[in-house]
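Accompanying notes for the structure given below.
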Amino acid sequence: MKLAKSLLALLLLGALAAGCGGKGENGESRGANTELETIQNGVVLYYDDSAQSQSLLGALTELSKTEKFDLVTIDTTKDKSKLDKYEKDNQKLVDSYKEVRSLEAGLSKLKLVGNANSKDQQNNVMLNYRKALNLVKNGKLNAEQEKELDGLVKDIAGKQELSEADLKKLLDLQKDPRLKVPVYSSVDGDAAPEKLPVMKVIYEGNHRTSYYFGQKPIPAETLANAENLRFYLKEKAWISNFQDSSDGPTIEKKLENKDTFVLLVWGNSCPHCHKVMPVLDKLTSQTGIKVERIDTFIESNNKAYAKMAASGKYGLTEIKWVPTLVYIKDGKQQATIGVYDWAVENAASDLGYDIDESKIKAFMEKAK
């Protein structure tokens, strides 16, 4: 099934920047600027004087004032020589970027073992890589943690193309914010005139995805409507309101209080989560039903949710995929739906599918 394969290939990306947030390096959105710099979390826009570029520039600048992301803007008609110099001066960063891109490509290629189900195997690779990354982010490991890390790496190595040595190299490159992607890199040809405007999405200094609107323009009806363009960009650029996410104790308190609500189990670097979030925002406006959120790519939340599920008190089942919506009634889980339930195959759409909003709306309305 084409849709299943495209989802599997992309779900792994959610594990690669586990634990990151949507704030800038100083915890605040910097807004648009033309300074040449590295970027931690947010969007880099390469633009020219075309109408599409100017519309994007205006919309992203406005979004950066209200949403939690950093925006760096590059006027390629004026700054090409500065961009070239920047890359030359930061060659080590560029080389690290090339290496990460190459290693990530290998990590996404499965080696199916025996009668293994590809969905289950991809999920296992994703979760184990996230666990391994969380371990190495903790700094110096004790003997027990070293043993756990070695076991995870060995397990992952048997299920995809990277060797154990390459996996450890990728983990080392991604374990902390020191790997920051230059705002310009000839690796991707972001300033090429035929690609402009280009929107590059960055999380934890790692490139997540790029949109080459010169080659695949934004639909005219979207570009002409400010609200539609805002929604489109929130989806494409993974712009989410991170401070709305609750921690484990907050969710457990609602369960203890026997509340009725809908919960989104998500991950801050999961592309499918960011694709559905603007839809949830829109449906909240229509129905008045707020969707609670818990980010399980933050390890403390992941452990808290697993503990709540293991207790059996709330009927919570194991979450195998993010994003997943959970309907809670009187403090007990009643039903769940996930990306495979609301995805409608469309090769021309972002991530290879559209979202059936009616299914999500009907699910949310259970909580009325």
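The values are calculated or read from the model by the stated rules, or taken from the named source; none is laboratory data. As the structure is a prediction and not an experimental result, all values here were calculated from the model. For neighbour counting, all protein chains shown are included, and Cβ atoms are generated from backbone atoms with ideal geometry for every residue, glycine included. The area values use the complete protein model at the heavy-atom level, side chains included, leaving out ligands, DNA and RNA. Shrake-Rupley method; radii C 1.70, N 1.55, O 1.52, S 1.80 Å.
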The number of residues in region 71-83 that are touching a residue at least 60 places away in the same chain (Cβ under 8 Å) and either open to solvent by 30 Å² or more (accessible area, probe 1.4 Å) or assigned to a strand (DSSP E or B) (or both) is 3
The lone condition Leu255 fails out of (1) modelled with pLDDT under 95; (2) in a helix (DSSP H, G or I) is (1)
Subset of region 258-275, residues part of a loop (DSSP other than H, G, I, E, B), crowded, with 24+ Cβ neighbours inside 10 Å and modelled with pLDDT of 80 or more, comes to Gly267
Matching residues in region 135-146 (open to solvent by 20 Å² or more (accessible area, probe 1.4 Å) and closer than 24 Å to Lys111 by Cβ) number 1
task: State whether the residues of region 297-305 include one that is at pLDDT below 90, of a type in the set (Val, Ile, Thr), open to solvent by 50 Å² or more (accessible area, probe 1.4 Å) and within 21 Å of the chain's Cα centre (by Cα).
output: yes
Flagged pairs (Cβ under 8 angstrom, 6 or more apart or on separate chains; first in region 133-158, polar (S, T, N, Q); second in a helix (DSSP H, G or I) and surrounded by 13 or more Cβ atoms within 10 Å (Cβ to Cβ)) are Asn134/Glu299; Asn138/Gln145; Gln145/Leu135
Residues of region 158-177 being among the charged types (D, E, K, R), farther than 15 Å from Lys98 by Cα and exposed (fewer than 15 other Cβ atoms within 10 Å of the Cβ), in sequence order, are Glu161, Glu164, Asp176
Conditions (1) within 11 Å of Thr324 (Cα to Cα); (2) open to solvent by 40 Å² or more (accessible area, probe 1.4 Å) -> Ser285 fails only (1)
Of all strands (runs of 3 or more DSSP E) fully inside region 328-368, the set with 1 or more residues that are open to solvent by 70 Å² or more (accessible area, probe 1.4 Å) and within 16 Å of Leu264 (Cα to Cα) is 332-338
>> When you scan region 193-210, do you find a residue that is part of a loop (DSSP other than H, G, I, E, B) and closer than 27 Å to Ser50 by Cβ, even just one?
In response: yes
Of the residues in region 308-319 that are part of a loop (DSSP other than H, G, I, E, B) and loosely packed, with under 13 Cβ neighbours inside 10 Å, the one that is modelled with the lowest pLDDT is Glu318
Do we find a residue being at pLDDT 90 or above and either under 24 Å from Ala335 (Cβ atoms) or in contact with a strand residue (DSSP E or B) (Cβ under 8 Å, 6 or more places away or on another chain) (or both) anywhere in region 238-248?
yes
Would you be able to say whether some residue in region 80-101 is under 30 Å from Lys303 (Cβ atoms) and touching a Lys or Arg at 6+ places or on another chain (Cβ under 8 Å)?
no
Within region 87-98, the residues that are open to solvent by less than 70 Å² (accessible area, probe 1.4 Å) and either in a helix (DSSP H, G or I) or at pLDDT 85 or above (or both) are Glu87, Leu93, Val94, Ser96, Tyr97
Note: among Ala15, Ala9, just one is assigned to a helix (DSSP H, G or I), out of contact with any helix residue (DSSP H, G or I) (no Cβ under 7 Å at 6 or more places or on another chain), hydrophobic (A, V, I, L, M, F, W, C) and modelled with pLDDT under 50, namely Ala9
Exactly one of Lys258, Lys236 is of a type in the set (D, E, K, R) and closer than 26 Å to Gln54 by Cα, and that one is Lys236
When region 282-299 is checked residue by residue, the ones that are among the hydroxyl-bearing types (Ser, Thr, Tyr) and in a helix (DSSP H, G or I) are Thr284, Ser285, Thr287
